[in-house]
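A quick write-up on the structure given underneath.
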């Protein structure tokens, strides 16, 4: 980068003995940074489950793939998609959380002036500074894992996450012990009873449906948006279905089965 395209501004931070330099990037570098951000967002979009190998061994799965992938362009496109599926396949259900964690870091990088130019890979001093904004070591570890995933997606180094100082930053969050203890907010039977009574007083079919929805979520300990709302009646498969099996009311989810109550 040429000298005339740089300006350094000294800024005080919490400890008087420490100072940092905010780097003003040239137009080309800003453009490259925006392109990287756009690429990250595109690669983190929701994806369907990769099923090319369903019902096949690896050799037969290869034959199946090669029956539709012929040209070099098609092979390259297939390999790019397969690479993303290999990286994201373990976190498809939690991609919204991944996006949230990565966007949090990008916002932090924007606020700090993009020291080092590009968003990713993050510099060690950026990660360490970011860590001081967290009160929970678990949240920081999760968010840092999401940023690491984004580095894998765009094909940049992840070596910074192995630095001993990163481990020490987690220890520092733990030792600060500022997370605090949140008040318990359990929904117990008494509260459920009041909610259902209120629904009954409304006298509408929607209110009665909601009462049954709340009761089902309570009995089976469900996450209402992702597990209770998709429930279908009968043993019909899908994300969730509710049916009678002998004297028991059974809820079958795509990832687990729950036996609720005898009827």
Using the 10 angstrom Cβ neighbour count as an exposure proxy, how do 183, 171 rank, fewest first?
-> 183, 171
Got a sec? How would 126, 189, 66 order by Cβ neighbour count within 10 Å, fewest to most?
-> 189, 66, 126
For region 30-180, which semi-axes, largest first and in whole Å, follow from the square roots of 5 times the eigenvalues of its Cα gyration tensor?
-> 35, 18, 12
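Express in nm, to one decimal, how much length is gained between residue 39 and residue 136 on full extension, taking 0.36 nm for each residue of separation and deducting their alpha carbon distance.
Values: separation 97, 0.36 × 97 = 34.92 nm, distance 2.94 nm.
Gain on stretching residue 39 to residue 136: 32.0 nm.
Read-outs throughout are calculated quantities, based only on the coordinates presented, and are distinct from any laboratory measurement. Just so it is clear, the model here is predicted, and its values are computed rather than measured. Cβ: placed from backbone, ideal geometry, glycine included. Neighbour counts: every protein chain shown.
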